[in-house]
Amino acid sequence: METKNSAPDAPELAEPYLRAVLDTAGLAVEYVRAEGNTLFQRGEDGGEIPVADFAGGYGSVLLGHNHPAIVARAQELLAAGSPVHAQFSRHPYANELAAELNRIIHRELGDEEPYFAIFANTGAEAVEAAIKHAELDRGLRVAALGARVAEEIEAARAAVAEGTVALSARTRARFGAAAGEGRPTALDTVLAGLERANAGQLERPPLFLALERGFHGKLGASVQLTHNEHYRTPFKSLGAQARFVPHGRPDVLKEVYAQERGVLLSLELTDGQVEVVEREFPVFCAFLVEPVQGEGGIHVLGAEFAQEIQRFCAEIDCPVVVDEIQSGMGRTGALLSSSQVGLRGDYYTLAKALGGGIAKTSVMLVREARYRREFEIVHSSTFAKDSFSCEIARTVLALLEADGQAAYRRATERGRALRAELESVQAQFPDQVLAVRGKGLMLGMEFRDQSQADSEILRELAASGLFGYFLAGLLLREHRVRTFPTASAVNTLRFEPSLQLADAEIAQLGAGLRELCRVLRAQDGARLTVPAAS
């Protein structure tokens with residue numbers, strides 16, 4: 001059945017403000033078909049206009065739009081009446097998917113510890129699940145610590161009451177129990193001081209760590225772990241608390257730990273006296289890391305800093321959540337981009353390409369040592385773990401693993417070719433292009449700031465916060481190339497095409513970028529604006 005388009009004068013009710021913003025940059029076009037690495041828009045004559053897609057569904061279509069094998073599997077599943085809603089029943093297809101993910105992860109990590117899977121629908125939802133699980137785990141650890149401290153204090157209290165031990169001078173002094181104060185009164189003073197100190201710790205909310213420039217979603221909790229303050233600030237009162245760490249600064253990790261460290265105070269019997277001891281309190285809930293920051297400007301996590309994060313988190317018993325939503329599923333030449341820098345996660349989140357560009361699915365993986373089975377009861381999702389999305393994801397993994405993991409090698413090779421073209425543009429236009437960054441088929445080109453440009457139009461575009469969208473608009477209008485800036489670093493254009501990327505499309509992009517650089521060099525700001533409708 002053919003879709004009927006809305007009348008030209010029909011009011012825009014589906015995100016009208018966003019539509020208007022896209023219109024100003026010339027990006028509000030309608031695509032009517034997608035195939036391989038190409039989107040097709042309808043021309044004025046009714047014919048199709050091919051557009052080389054370097055946005056790639058923000059990384060979702062690594063295998064290409066409507067990959068024939070994925071489409072065929074989807075058609076089979078729908079024709080067979082595969083159940084979507086069969087909650088609270090056996091899901092063998094989900095277990096098989098989890099097993100295949102584990103097999104590949106074990107190969108890349110060189111470790112056999114299992115990861116348990118919690119399925120979801122979107123990347124942000126997978127991050128929320130990881131956050132919730134980490135807090136459940138932390139809460140259970142806090143409860144166990146509290147019980148231990150209570151037992152230690154009770155043992156010390158009983159021993160003091162029996163007269164077999166005495167409060168040390170240090171213990172008395174710490175809580176203001178006078179030296180001449182009687183044993184029962186002094187004990188009461190110490191216990192009251194302990195209770196006050198520990199009550200303050202037990203009321204502390206969890207604290208998350210994340211990297212500057214990081215992006216982990218825009219839901220209630222995940223948005224507070226996204227560094228962009230424009231996303232966070234309107235909802236600050238709703239979500240989790242986070243401290244953001246700059247890249248390559250292990251010294252800041254130590255500073256944050258020193259500032260935020262918490263302890264519960266307990267009592268310990270030592271040489272016939274009662275001494276106050278500190279028990280480490282788990283303030284830090286999790287450290288969220290992207291191996292390649294997609295929205296923050298395509299910045300790659302270095303191996304050395306990755307290892308610093310690993311050591312730091314191990315020392316303070318803080319789980320590492322590796323957000324592989326954009327960088328994973330083969331885009332950088334491995335299922336887990338983090339495995340390429342030696343970072344091992346306690347949690348992984350995968351989405352986007354997991355669904356093959358068709359199914360809306362994601363997964364949160366937790367390693368066995370951290371897993372809390374109670375989470376399966378307190379967390380759920382109506383559409384998660386259904387047969388359709390699981391079977392599509394299994395097809396995706398089969399395609400990635402086929403022919404001795406040829407897809408991973410293809411991502412590396414195509415990424416190398418694309419990067420060579422981007423670096424050639426940078427070398428030709430060093431005054432316009434600041435940097436080329438990224439890994440595999442997740443690359444970015446940062447343009448130099450235009451806030452002090454000679455052109456008034458360029459200065460205005462730079463001040464608008466939408467500069468990169470106007471760059472993308474020119475590429476689309478004049479060169480039939482589709483890409484977008486990274487949302488938190490709008491001077492950087494991102495390139496996340498599919499494995500089907502052809503040399504001709506790389507050349508097409510290169511030609512468009514060179515023309516774009518000429519426009520900036522000539523300070524021809526008018527070329528970036530959309531001509532007014534007559």
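The values are calculated or read from the model by the stated rules, or taken from the named source; none is laboratory data. Keep in mind that what you see is a predicted model, and the values were worked out from it rather than measured. Glycine gets a Cβ as well: all are built from the backbone with ideal geometry, and neighbour counts include every protein chain shown. For the accessible areas, the whole protein counts, side chains as well, though only heavy atoms, and no ligand, DNA or RNA atoms are used. Shrake-Rupley method; radii C 1.70, N 1.55, O 1.52, S 1.80 Å.
Filter segment 398-446 down to the residues that are of a type in the set (Lys, Arg) and within 23 Å of the chain's Cα centre (by Cα) and list them by number. Don't jump to the end; show me each part of the working.
Here is the first cut: in segment 398-446, the ones of a type in the set (Lys, Arg) are 409-410, 414, 416, 419, 437, 439.
Across segment 398-446, the qualifying residues are 437, 439.
Residue-wise test of (1) in the same structural domain as residue 214 (by the TED database); (2) modelled with pLDDT under 95; (3) within 15 Å of the chain's Cα centre (by Cα).
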| position | (1), (2), (3) |
| --- | --- |
| 115 | yes, no, no |
| 118 | yes, no, no |
| 121 | yes, no, yes |
| 125 | yes, no, yes |
| 128 | yes, no, yes |
| 133 | yes, no, no |
| 142 | yes, no, no |
| 154 | yes, yes, no |
| 157 | yes, yes, no |
Hey, any hits in segment 407-419 for a residue that's open to solvent by 40 Å² or more (accessible area, probe 1.4 Å) and more than 23 Å from residue 290 (Cα to Cα)? no
Failed item, numbered, when residue 119 is tested on (1) part of a helix (DSSP H, G or I); (2) touching a strand residue (DSSP E or B) at 6+ places or on another chain (Cβ under 8 Å): (1)
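Does residue 207 fit the bill of being within 19 Å of residue 147 (Cα to Cα) and over 14 Å from the mean Cα position of the chain (by Cα)? Working first, answer last.
Working: within 19 Å of residue 147 (Cα to Cα): no; over 14 Å from the mean Cα position of the chain (by Cα): yes.
Here the answer is no, as residue 207 does not meet what is asked.
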If you take the residues of segment 299-333 that are among the β-branched types (Val, Ile, Thr) and open to solvent by 10 Å² or more (accessible area, probe 1.4 Å), which of them is farthest from the chain's Cα centre (by Cα)? 316
With 448, 482, 527 as the choices, which residue is of a type outside the set (Val, Ile, Thr), open to solvent by 60 Å² or more (accessible area, probe 1.4 Å), closer than 19 Å to residue 297 by Cα and in contact with a Leu (Cβ under 7 Å, 6 or more places away or on another chain)? 448
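Take the residues in segment 198-232 that are small (Gly, Ala, Ser) and modelled with pLDDT under 90, then tell me which one is surrounded by the most Cβ atoms within 10 Å (Cβ to Cβ). Before you say what the answer is, go through the steps one by one.
Taking segment 198-232 first, the residues small (Gly, Ala, Ser) are 199-200, 210, 214, 217, 220-222.
Within this subset, residues satisfying the condition of being modelled with pLDDT under 90 are 200, 220-221.
On the way: 200: 10, 220: 14, 221: 21.
The qualifying residue surrounded by the most Cβ atoms within 10 Å (Cβ to Cβ) is 221.
Do we find a residue being open to solvent by 40 Å² or more (accessible area, probe 1.4 Å) and at pLDDT 95 or above anywhere in segment 494-501? If you could, list the steps in order and put the result at the bottom.
Filtering segment 494-501 down to residues open to solvent by 40 Å² or more (accessible area, probe 1.4 Å) leaves 500.
Of the ones still in play, those that are also at pLDDT 95 or above are 500.
Among the residues of segment 494-501, at least one is open to solvent by 40 Å² or more (accessible area, probe 1.4 Å) and at pLDDT 95 or above, which makes the answer yes.
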Mind counting the residues in segment 473-490 that are touching a helix residue (DSSP H, G or I) at 6+ places or on another chain (Cβ under 7 Å) and under 20 Å from residue 59 (Cβ atoms)? 7
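In the set 409, 419, 394, 414, which member is in contact with a strand residue (DSSP E or B) (Cβ under 7 Å, 6 or more places away or on another chain) and at negative phi?
Working: 409 fails: in contact with a strand residue (DSSP E or B) (Cβ under 7 Å, 6 or more places away or on another chain); 394 fails: in contact with a strand residue (DSSP E or B) (Cβ under 7 Å, 6 or more places away or on another chain); 414 fails: in contact with a strand residue (DSSP E or B) (Cβ under 7 Å, 6 or more places away or on another chain).
From the options 409, 419, 394, 414, the qualifying one is 419.
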Within segment 502-516, of all residues that are within 13 Å of residue 421 (Cβ to Cβ) and of a type in the set (A, V, I, L, M, F, W, C), the one most open to solvent (accessible area, probe 1.4 Å) is 504
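Quick one: would you say residue 177 is surrounded by 17 or more Cβ atoms within 10 Å (Cβ to Cβ), of a type in the set (Gly, Ala, Ser), assigned by the TED database to the domain that holds residue 350 and modelled with pLDDT of 95 or more? Walk me through how you get there before you give the answer.
On the way: surrounded by 17 or more Cβ atoms within 10 Å (Cβ to Cβ): yes; of a type in the set (Gly, Ala, Ser): yes; assigned by the TED database to the domain that holds residue 350: yes; modelled with pLDDT of 95 or more: no.
For residue 177, the condition - surrounded by 17 or more Cβ atoms within 10 Å (Cβ to Cβ), of a type in the set (Gly, Ala, Ser), assigned by the TED database to the domain that holds residue 350 and modelled with pLDDT of 95 or more - is not met.
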May I ask you to say which residue of 247, 216, 227 is closer than 22 Å to residue 136 by Cα and in contact (Cβ under 8 Å) with a residue 24 or more places away in the chain? 216
Hey, among the residues in segment 463-479 that are free of Cβ contacts under 8 Å to residues at least 60 places away in the same chain and open to solvent by less than 10 Å² (accessible area, probe 1.4 Å), which one's farthest from the chain's Cα centre (by Cα)? 475
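Considering only segment 235-257, I want to know if a residue exists there that is part of a loop (DSSP other than H, G, I, E, B), in the same structural domain as residue 343 (by the TED database), farther than 22 Å from residue 129 by Cα and open to solvent by less than 30 Å² (accessible area, probe 1.4 Å).
Initial filter on segment 235-257 (part of a loop (DSSP other than H, G, I, E, B)): 236-240, 246-249.
Those still in the list that are in the same structural domain as residue 343 (by the TED database) too: 236-240, 246-249.
When the remaining residues are screened for being farther than 22 Å from residue 129 by Cα, the result is 246-249.
Now drop any that are not open to solvent by less than 30 Å² (accessible area, probe 1.4 Å), which leaves 246.
Checked against the condition, which is being part of a loop (DSSP other than H, G, I, E, B), in the same structural domain as residue 343 (by the TED database), farther than 22 Å from residue 129 by Cα and open to solvent by less than 30 Å² (accessible area, probe 1.4 Å), segment 235-257 yields at least one hit.
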